[in-house]
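Nothing in this text is a laboratory measurement; each read-out follows from the coordinates by a stated rule. Small disclaimer: the values here were computed from a predicted structure and weren't measured. Glycine also receives a Cβ, built like all others from the backbone with ideal geometry; neighbour counts cover every protein chain displayed.
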Ligand SMILES: [Zn+2]
């Protein structure tokens, strides 16, 4: 029989949730005071005592953490830095960041944190989206230190699904395996979900022969944009659900439910703050940086970790029955490009490219000098292997340029490239070439 993964915590009222958070925050502060070399120092320096924390507002007295601090601490005290709260022999899982924007950082999980926090939370999410023991899940990630592979694998197994590992093989073989094993759930990055579909097209594999019902995408924020989701759902004939987290959070931060209207934050595990540039909490619907405090994990929990992700949030109850806040990710501060005084996230451009059915899903953003000043250039391809007639090409270029101008107030130059000529990304996309960085070197 299916285990029920609905948690009573998911339906707590906002007030009850806040009371639970303050209780767990107090316990966490006490735990960190006893076990974390980093927080022992920080609490002492800032004169923070458990008995002073009466409300969630008091959380603000605790200084922020960020990935740079984690990295620096790990350089000084390898491999886990001063954030590790347990003896190393208690660690059962090891992950590492890919290190594209910074030196790789190491992350540890005890058995408890891995199974009872990280996996349990992701299983709760997949279950709330309809995954059941009878499902067959395909995990399309390589075997490596990327957490999404492991958490997807074990969350599906925890529910009781048959889990089919998709590592160590070619994309074509993965598609055949998915078809032969009648896979109903696929876990992948959004980029790779596109890649699979493109290869299926090239190899003459009909995706309708794979009885997929649900596609869970994570590892990059592509599915957060509506154009991407609609397109993926159409290609795969399946529902697409997004989830999101970072290694520092020790658990998925946001998880969609079957309503697909934002990512629920498991507020019994993480306290989210959405802060403006002055560090003040913003109102629902306003943009701010997501800052999270883990009040449940015991291995290397961080308080007030700056995710670098710009989000909006909604605290109205969700029709799915959960009362936790739902966030929408607009982009990463790391990926943000500032051009002509305007903040541009690649995900915004992506959404607009995907609203043009004449165009393929690949694109590149290039910033380079045209007529003496830096301009935003969007490179696209025709959909499929087609070619535009001259007037068609002009029409689609004008349409995309106009859409971008209306949304971000910058008129880009649009260049249509040969079908298949733009870079294809296997796992995560790198879609910005900023010539200003090269020119400055
Ligand atoms: Zn919901």
Mind sorting 304, 409 by how few other Cβ atoms lie within 10 Å of their own Cβ, fewest first? 409, 304
Using the Kirkwood formula over every pair of different C-alpha atoms, what hydrodynamic radius in Å results for the stretch 12-142? 17.6
Pseudo-spin-label distance residue 387 to residue 276, built 7 Å along Cα→Cβ, given in nm, is 5.4
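With the cut-off at 1.5 for a/c, could you classify the stretch 393-434 from its C-alpha gyration tensor as rounded, prolate or oblate? Working shown, then result.
On the way: a/c = 2.73, a/b = 1.48, b/c = 1.84.
Oblate.
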If I model a spin label at residue 199 and residue 369 as a point 7 Å from the Cα along the Cα→Cβ vector, what separation in nanometres do I get? 4.2
For 373, 118, 55, 152, order by how many other beta-carbon atoms lie within 10 Å, fewest first: 373, 55, 118, 152
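For the chain, what is the convex hull volume of its Cα atoms per residue in Å³? Each step should come with its number before you reach the end.
Details: hull volume 69.4 nm³, N = 441.
Convex hull volume per residue, Cα atoms: 157 Å³.
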Helix 171-180 versus the longest principal axis of the chain: what is the Cα-based angle in degrees, 0 to 90, to the nearest 10? 80
Using 1/(1 + (r/R0)^6) with R0 = 30 angstrom and r between the beta carbons of residue 11 and residue 213, what's the FRET efficiency to the nearest 0.05? 0.75
For the chain, modelled as a Gaussian network with Cα springs under 10 Å, which listed residue fluctuates most, 158, 231, 60? 60
Could you check which residue among 72, 406, 259 shows the biggest mean-square fluctuation in a GNM of the chain with a 10 Å Cα cutoff? 406
State, in angstrom, two size descriptors of the stretch 337-440 derived from its alpha carbons: Rg to one decimal place and Dmax to the nearest whole number. 13.4, 39
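Taking the convex hull of the Cα atoms, report for the stretch 144-270 its projected area averaged over all directions, in nm². Walk me through the numbers before you get to the answer.
Working: hull surface 31.7 nm².
The directionally averaged projection comes out at 7.9 nm².
In what order do 54, 172, 67, 126 fall by count of nearby beta-carbon atoms within 10 Å, going from fewest to most? All intermediate terms of the calculation are to be shown ahead of the outcome.
Numbers: 54 9, 172 14, 67 21, 126 27.
Neighbour counts put them in this order, fewest first: 54, 172, 67, 126.
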Taking all pairs of distinct Cα atoms, average 1/r, flip it, and tell me the Kirkwood hydrodynamic radius of the stretch 229-371 in Å to one decimal place. 16.9
Using bins 5 angstrom wide from zero, how does P(r) for the stretch 48-88 break down, in % of all Cα pairs? 6, 19, 20, 14, 17, 16, 8, 0
Starting from the Cα of residue 19, step 7 Å along the direction of its Cβ; do the same at residue 134; then give the gap between the two resulting points in nm. 4.1
Please report how far the C-alpha centroid of the stretch 158-219 lies from that of the stretch 56-118, rounded to the nearest whole angstrom. 32
